[in-house]
Amino acid sequence: MMKNFFKKYFFEVVIILVLAVMYKDSFPLWFKEWVDPDSFYGLGFFVLGFNVYYIKTNFAALKEIPKSLSPYGIIPVLIGSLLYIIGVRASLDYLISFSLPVLILGVILSLYGYKTLFKLLIPIILLTLILPVFPLHRITMPLQLISAKLSSEVLKFLGLNSIAKGSILYINNFRMSVVAGCSGLKSLFSLLFVTIISSYLENVKLPKTILYLLLTIPFAIAMNTIRIVFTAFYGLYNGHAGLEKFHDSAGIVINIISILIIIFIIRFSEKREEAP
Amino acid sequence: MKYKITIIFLLIFSFFFANYNLASKKELTYKINEVFPQKFNEWKGTDIKADKVVYTMIDPDEFLFRRYEYKDKKIYLTIVLTNKRDHIHDPQVCYRGQGVNMDNQIRIQFGKDINAYMVNADKNQAPYKIIYWYFDQDKTYSSRSEFMKHIIISNILNKPAFNYSLIAVSGANISEEDLKDFSYNVSQKLYEISKNNKS
């Protein structure tokens, strides 16, 4: 049976082995990000688990799609190879990480064609989300500034004397920094992940899924602002003692509520469309 | 069959080309807060502990943050010296986070060939000047994109720089001349330290 398997999938096995060798130095870095509770990529194992589930449940459907070699697949393979070479030689970890989903996309398109690639787009996008493909400080700082400014406006609206100077909030006599961990990026990643999975499970069409994903961004910023406002109130009455713990706990609660809201909205919206 | 073999060949070629004769990374041979003098010309330095969030991005051994004083003048010196390029970021990231308005910046040159950016900022509604530049233990660069481009090209050509520095000199109520003089002396000192510690 194994002999037949290797005979049937010889090239696929060789490609997987070559990719494993190419990224052998990156795996420890990725693993470290996935197990670090403070990392922005902490969803790693959830996503991998979902990808395995996805491929398993769609395996029969994938087998039925007729294989068609696509010459256009060579383009992403060439791009991915170039990204890999530059990434390794210039020690740009995020470029090396980004080259992997590009290469996978190119290989699938080359060996199996568009229909199979389209079917596997969700796992590829999710894989990209859990790899360190972005220089994150370029995203966290603008988010910190936006979060601080929005929180300050909400606090002013609630009658407090509040001002945001950069990412530092001054509320009455209390001073609080909106650091990278408060930027909302971690919750944004988890909400994007939930949106993709919910859309898949509810069979949402692609244009609507993209719309949901785009709306997730301001939603995540809004929920993070709420967290910062609650934390500011806590700090105002209790000072800095226990502030970090409160901030972390509030983050978990608000993240759970956000996830439930997204699941509910997508489910409710799709059920309304299905109803006669 | 030919197409599949081509794909495999491309991947194998990428791996070998990427790793061919790749220079191995070297460890930093010195810690900046140990080798840069506390007493610097007529200026006397005091170490300042930065916000703890800084140390989540940069190792304490890679980071120098000091206030130098001479008569009634105060200048803040920040140096990040690291062999991890990701630890060098645009100073706008830090200063903006502190509420410093960095919109007004101009490219300057001082000394023979030291390129830097000067920012006439404001902090807490008071004027605040900043001069910052990047240094790869050989040359100085004013912008991060220039610096990174040089690092990437050098690495691809297998002539890597191993240590990267970001230097920022800043102060409130300090003249441009004093700031430039101080910056020039800092850069000379760093050249000297780099030369003495080249491995």
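Listed peptides A:126-132, A:258-264, B:69-75 appear in the order A:126-132, A:258-264, B:69-75 once ranked by packing, highest mean of other Cβ atoms within 10 Å at the front. At the listed q of 0.15 Å⁻¹, the Debye profile of chain B, built from one uniform point per Cα, gives log10 I(q)/I(0) equal to -0.93. Our coupling estimate for the stretch A:11-28, obtained by passing each phi through the Karplus curve with A = 6.51, B = -1.76, C = 1.60 and θ = phi - 60°, is 5, 4, 5, 4, 4, 4, 5, 5, 4, 4, 5, 4, 9, 4, 7, 8, 4, x Hz, Gly and Pro reported as x.
Taking the Cα centre of the protein assembly as shown as origin and assigning +1 to Lys and Arg Cβ atoms and -1 to Asp and Glu Cβ atoms, the resulting dipole is close to 1040 debye.
Projecting each Cα onto the charge dipole of the protein assembly as shown (Lys/Arg +1, Asp/Glu -1 at the beta carbon, about the Cα centre), which of A:Ser151, A:Leu48, B:Asn197 comes out farthest on the positive side? Sorting the options by dipole projection puts first A:Leu48. Simple spin-label estimate for A:Tyr72 and B:Lys159 gives 4.2 nm between the two label positions (7 Å along the Cα-to-Cβ direction from each Cα). Think of chain A as a dipole: +1 on every Lys or Arg Cβ, -1 on every Asp or Glu Cβ, centred on the Cα centre; then among A:Val133, A:Ser39, A:Ala250, A:Val133 lies furthest on the positive end.
For the pair A:Leu17 and A:Ser39, a Förster radius of 41 Å applied to the C-beta separation gives a FRET efficiency near 0.90, rounded to the nearest 0.05. Restricting the stretch B:149-199 to trypsin sites (Lys or Arg not before Pro) that sit in a DSSP loop and have at most 13 other Cβ atoms within 10 Å of their own Cβ leaves B:Lys198. Summarise the accessible area of chain A (1.4 Å probe, protein heavy atoms) by the percent that is carbon and sulfur. Carbon-and-sulfur percentage of accessible area, whole number: 72.
What the Cβ-Cβ distance of A:Leu211 and A:Ile124 gives, at R0 = 25 Å and to the nearest 0.05, is a FRET efficiency of 0.80.
Based on C-alpha pairs under 8 angstrom that are at least 6 apart in sequence, chain A has a relative contact order of 14 percent.
Residue separation of B:Ala50 and B:Asn104 scaled by 0.36 nm, minus their Cα-Cα distance, works out to 16.9 nm of gained length. Among rounded, prolate and oblate, which fits the stretch B:51-128 when a ≥ b ≥ c are the square roots of the eigenvalues of its C-alpha gyration tensor, a/c under 1.5 means rounded, and a/b larger than b/c means prolate? Cα axes put the stretch B:51-128 in the rounded bin.
Can you bin the protein assembly as shown into rounded, prolate or oblate? Criterion: square roots of the alpha carbon gyration tensor eigenvalues sorted a ≥ b ≥ c, rounded for a/c under 1.5, prolate for a/b above b/c, oblate for the rest. Cα axes put the protein assembly as shown in the oblate bin. Cα gyration tensor of the stretch A:86-150, axes a ≥ b ≥ c as square roots of the eigenvalues: rounded (a/c below 1.5), prolate (a/b > b/c) or oblate? Note, shape of the stretch A:86-150 comes out oblate. For the stretch B:80-190, the Cα gyration tensor yields ellipsoid semi-axes of 25, 16, 11 Å (square root of five times each eigenvalue, largest first, whole Å). Among the chymotrypsin sites (Phe, Trp or Tyr not before Pro) found in the stretch A:1-90, those both in a DSSP coil and sparsely packed, with 16 or fewer other Cβ atoms within 10 Å of their Cβ, are A:Tyr9.
Each peptide among A:98-107, B:116-125 gets the average number of other Cβ atoms lying within 10 Å of its residues, and from highest to lowest they stand as A:98-107, B:116-125. The loop-placed trypsin sites (Lys or Arg not before Pro) in the stretch A:1-104, going by DSSP, that have at most 16 neighbouring Cβ atoms within 10 Å of their Cβ come out as A:Lys24, A:Lys67.
When only Cα pairs below 8 angstrom with a gap of at least 6 residues are kept, chain B shows a relative contact order of 20 percent.
The values are calculated or read from the model by the stated rules, or taken from the named source; none is laboratory data. Predicted model, so just to flag it, every value in this text is computed and none were measured. With ideal geometry, Cβ positions are generated from the backbone for all residues, glycine too; neighbour counts draw on all protein chains shown. To get the accessible areas, we keep the full protein, side chains included, count just its heavy atoms, and leave off ligands, DNA and RNA. Shrake-Rupley method; radii C 1.70, N 1.55, O 1.52, S 1.80 Å.
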